[in-house]
Amino acid sequence: MTENAPTLASDLVSALTTPAGGSTGPSARRTTGPARVVVDLDLPGATISRHLYGHFAEHLGRCIYGGFFVGEDSEIPNTRGIRDDVVAALRALHIPNLRWPGGCFADEYHWKDGIGPREQRPRMVNSHWGDVVEDNSFGTHEFLDLVELLGTEAYVNGNVGSGTVQEMSEWIEYLTRADDSPMAALRRQNGRDEPWKVPFFGIGNESWGCGGNMRAEDYAALARQYSTFVRDHAGNQVTRIAAGASDGDLGWTESLMRAVTNVEHADGKAGPYQAISLHYYTMSGPWSDKGSATEFTEDEWYLTLSRAARAEEHVARHATVMDRYDPHRKVGLVLDEWGTWWNVEPGTNPGFLYQQNTMRDALVASIHFDGFHRHADRLIMANIAQTVNVLQAMILTDPDTGALVLTPTYHVFAMNAGHQDAAALDAHVLLPEESAVIEGRALPRISASASLRSAEDTALISLSNLDAAEPRTLVLDLRGREVVGHTATVLTGASTAAHNTPEQPEAVAPVPLTDVREHPAGLEVTLPPHSVATVQLQLG
Ligand code: AHR
């Protein structure tokens with residue numbers, strides 16, 4: 001295949017809804033020809049940080065206990081109490097970071113309760129999640145052990161809501177200091193000589209809500225104060241992440257940006273915090289009835305995907321506010337909670353947030369990733385909520401048998417892993433039909449993104465067919481580089497609600513996509529209905 005170059009403009013009949021201010025969501029342009037995705041292979045953009053593929057594990061339901069941690073005496077094969085099968089599955093995803101211990105739990109967690117001999121650790125009430133008693137058997141050492149087993153990086157979330165500045169200051173000292181300081185000595189006493197690396201530290205969580213019901217200006221002042229005492233010890237460089245807004249609360253982001261300093265000039269580090277978080281969850285109903293994970297209508301399918309696409313809109317809007325205060329983009333945006341939030345599975349504890357995961361969740365994930373890649377210049381990290389047994393999980397474990405199931409979302413993470421630390425490429429979607437408009441926003445039936453690894457002469461293209469019922473043939477119009485080879489993978493299921501269970505663990509699993517043909521413009525691909533595909537290109 002060789003590069004060909006009809007001009008993009010000649011194919012445009014009209015542009016669909018592109019909200020003012022540029023790219024704030026997936027868009028497609030109209031074309032008189034066949035459906036196409038045009039990729040400029042020779043115009044690399046921002047680096048897609050591997051941290052956009054981050055994870056989140058809270059003391060919530062069966063995420064930590066039963067999910068990651070079963071204890072040394074469990075019949076389930078484990079290493080120092082941590083499930084070997086869960087570690088192996090996540091290592092295969094190359095997860096870049098893990099956020100812990102919350103969430104809402106973070107603002108009632110006192111880290112000193114979770115160190116020392118387990119039988120002597122005090123208990124506490126996990127008031128947010130099921131009102132259960134937490135025995136603190138999984139604490140700081142267990143978490144950092146998990147991080148090392150996973151080969152990932154630690155994102156520790158500190159307590160502002162009910163913790164002191166001293167407590168937070170001592171935690172980072174305990175974790176990262178090398179000499180004989182009081183906290184380093186205490187860590188040694190508890191069996192760990194070497195300090196750990198902790199590159200990310202959260203300054204509270206949802207401080208407008210469960211983290212203390214604070215006003216924006218009040219929290220901004222606290223974020224400055226607490227961040228000051230999260231020191232860089234022994235060469236450990238911390239990115240301090242202030243607890244950010246939810247959804248479209250731009251005022252909260254604005255207050256935090258007003259309080260951040262040293263952003264006027266291109267040189268020097270922003271402070272006292274270097275990043276601001278954002279949370280956005282996808283659901284098809286109101287908070288009081290978010291919808292079933294597995295039983296939904298076609299209308300709910302499209303409504304959900306449209307709401308998933310809104311994550312990109314929120315990222316773009318908050319980034320626009322940040323741009324006003326920080327033109328050099330020194331402060332990072334961190335979407336450290338995202339994903340679907342459904343009604344819990346019937347018969348399970350409502351406080352444990354256990355839900356199934358279908359092809360709809362897979363499409364939600366792929367739509368998020370396409371948006372993340374387009375905003376890689378400001379978005380430095382994203383963490384799906386949550387890794388095991390809670391909300392949009394990668395892994396579900398059976399509480400009785402311990403059986404492990406990989407979800408459709410897991411497979412989307414695996415298929416997209418090649419975008420980590422690659423350079424974003426523009427991927428223009430051109431469709432012959434008008435996009436449906438849902439809640440005032442156009443929802444094209446194709447979502448796409450692409451990235452380039454120059455050193456390896458490879459490119460990865462992600463394609464999602466949002467159509468619930470119809471396959472879609474499209475041309476991959478590949479420009480600017482010669483393509484000398486390709487492989488492709490597809491994920492779909494028998495229905496939009498297809499999902500995996502211990503009885504049918506591979507009902508949804510990736511398989512080679514064979515419906516790929518050479519085309520004068522590049523390749524022609526046929527995507528099954530409700531599917532996610534990746535095409536790996538070898539460039540000449
Ligand atoms: O992920 C579940 C909860 O959602 C988190 O604890 C909280 O931060 C958010 O409201």
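For this structure, a couple of remarks:
- Cβ-based charge dipole, region 394-540, positive-most Cα from I395, S449, H428: H428
- With R₀ set to 41 Å, the beta-carbon distance separating T473 from T297 gives a calculated FRET efficiency near 0.95.
- Projected label points at S454 and D398, each 7 Å from Cα along the beta carbon direction, are separated by 5.1 nanometres.
- Mean-position separation - Cα centroids, region 363-412 and region 78-136, in angstrom: 19
- Mean projected area of the Cα convex hull of region 277-430, taken over all directions, amounts to 10.8 nm².
- Annotation: extensible slack from D289 through D42 equals 84.2 nm (criterion: 0.36 nm per residue apart, minus Cα-Cα distance).
- Computed 3J(HN,Hα) for region 481-488, one whole-Hz value per residue from the Karplus formula 6.51 cos²θ - 1.76 cosθ + 1.60 where θ = phi - 60°, is 9, 7, 9, 10, x, 8, 9, 9, glycine and proline marked x.
- Isotropic mean projected area of the C-alpha convex hull, region 299-383 (nm²): 6.5
- Taken about its Cα centre, the chain carries a charge dipole of about 1020 debye when Lys and Arg each add +1 at the Cβ and Asp and Glu each add -1 at the Cβ.
- Each Cα pair under 8 Å and six or more residues apart adds its separation to the average, and for region 50-425 the resulting relative contact order is 19 percent.
- Take each peptide in 376-386, 465-475, count the other Cβ atoms within 10 Å of every residue, and average; sorted highest first, the result is 376-386, 465-475.
- Pairs of lysines in region 50-425 whose Cα atoms sit within less than 26 Å of one another amount to 4, provided the residues are eight or more positions apart or on different chains.
- Under 5 Å between amide hydrogens, built in the peptide plane, is the criterion, and for E524 it picks out L476, R517, E518, H519 among residues at least 5 positions away or on other chains.
- Estimated vicinal HN-Hα couplings, Hz - region 264-277 in sequence order (Karplus 6.51, -1.76, 1.60; Gly, Pro = x): 6, 10, 5, 8, x, 8, 5, x, x, 10, 10, 8, 10, 8
- Sites S495 and A178, calculated FRET efficiency, Cβ-Cβ separation with R0 56 Å, nearest 0.05: 0.50
- Burial ranking of peptide ranges 288-294, 525-531 (average Cβ count within 10 Å, highest at the top): 525-531, 288-294
- Signed unit charges on C-beta, dipole axis of region 315-418, positive-most listed residue S366, I384, V331: V331
- Dipole-positive endmost among V315, G130, S74 within region 50-425 (Cβ charges, Cα centre): V315
- Virtual paramagnetic centre 7 Å along Cα→Cβ of K269, amide N under 16 Å, in region 193-237: 197-203, 224-237
- In the chain, helical runs assigned H by DSSP with n ≥ 4 each contribute -39500 (n - 2.57); averaged across all residues and rounded to the nearest 500, the mean residue ellipticity at 222 nm is -7000 deg cm²/dmol.
- Placing a label point 7 Å from the Cα of H328 along the Cα-to-Cβ line, the residues of region 255-291 whose backbone N sits under 18 Å from it are 257-276.
- Rounded to 5, the percent of DSSP beta bridges in the chain classed as antiparallel: 60
- Under the convention that each Lys and Arg Cβ holds +1 and each Asp and Glu Cβ holds -1, the size of the dipole of region 66-150 around its Cα centre is about 240 debye.
- Alpha carbon centroid spacing (whole Å) that separates region 290-349 from region 35-77: 16
- Cysteines not pairable in the chain (beta carbon separation under 4.7 Å absent): C63
- Förster radius 56 Å - calculated FRET efficiency between R123 and D515, Cβ distance, rounded to 0.05: 0.50
- P(r) weight above 33 Å for region 50-425, C-alpha pairs, percent: 25
- Ordering 202-212, 135-145 by mean Cβ neighbour count within 10 Å, with the highest value first, yields 202-212, 135-145.
- Couplings 3J(HN,Hα) for region 417-429, derived from phi with the Karplus relation 6.51 cos²θ - 1.76 cosθ + 1.60 (θ = phi - 60°), are 4, x, 7, 4, 6, 8, 8, 5, 10, 5, 10, 8, 9 Hz, where x marks Gly and Pro.
- Among M394, M415, a tally of other beta-carbon atoms within 10 Å of each Cβ gives an order, fewest to most, of M415, M394.
Bear in mind these aren't lab numbers, they're just calculated from the coordinates by the rules spelled out. Remember, it's a predicted structure, so these values are computed and weren't measured experimentally. Here Cβ is always computed from backbone atoms with ideal geometry, including for glycine, and neighbour counts include all displayed protein chains.
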